[in-house]
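Let me begin by presenting the structure, written as structure tokens, before commenting on it.
The values are calculated or read from the model by the stated rules, or taken from the named source; none is laboratory data. Bear in mind the structure is a predicted one, so any value in this text is a computation, not a measurement. Cβ placement follows ideal geometry from the backbone for every residue including glycine, while neighbour counts extend to all protein chains displayed. Just the protein is used for accessible areas: all its heavy atoms, side chains included, with ligands, DNA and RNA removed. Shrake-Rupley method; radii C 1.70, N 1.55, O 1.52, S 1.80 Å.
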Amino acid sequence: KAAAERGDLMRRVLPGAPPELDTEALHQVDALIDDLIDAGFDPLVDETELTVDLTPCAQAEAQASHREVLCSVHLSLMQSVLSEAGGPLSIDGMRTSCDPRQCVVQLVHAAAAS
């Protein structure tokens, strides 16, 4: 709830294009951004493409030999945050890349998935 309130305040204060997502989805993104920042990431959200870019992954080099498990755990945690926030967004997966530092998470909107 606090993340949604901060997000709403920032959208009112900062000029820019109107949000492309509905209110529930925006609040999910707000919660996800807060959680990722708390975990040491610097997320960049693209509302049009429904992506969350976490490049460079803060843990890629230190945990390179466990990348598959680490990414799976992070995706599960992100899905938990989205589910707890409630709304139409969920994790669709991670875009593939040969660069282990690159991490772009693909979201999906329930309306688009049906």
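Structure above, values below:
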quantity	calculated
Compactness of the chain as Cα Rg over 2.2 N^0.38 Å, two decimals	1.07
GNM result for the chain, Cα springs below 10 Å: residue of 60, 85, 31 fluctuating most strongly	60
Residue among 34, 92, 22 with the largest mean-square fluctuation in a Gaussian network model of the chain, springs linking Cα atoms under 10 Å	22
Per residue accessible area of the chain, 1.4 Å probe, in Å²	63 Å²
Residue among 59, 28, 79 with the largest mean-square fluctuation in a Gaussian network model of the chain, springs linking Cα atoms under 10 Å	59
Heavy-atom accessible area order for 72, 97, largest first, 1.4 Å probe	72, 97
222 nm mean residue ellipticity, helices alone, for the chain (DSSP H n ≥ 4; -39,500 (n - 2.57); rounded to 500)	-14000 deg cm²/dmol
Reference-scaled alpha-carbon Rg (2.2 N^0.38 Å with N residues) for the stretch 49-105	1.15
Carbon and sulfur %, accessible surface of the chain computed with the full protein complex present, 1.4 Å	54 percent
For peptides 1-13, 46-58, sequence by mean Cβ density within 10 Å, most packed first	46-58, 1-13
Summed side-chain charge close to residue 49 - residues other than residue 49 whose Cβ falls under 14 Å, Lys, Arg +1, Asp, Glu -1	-4
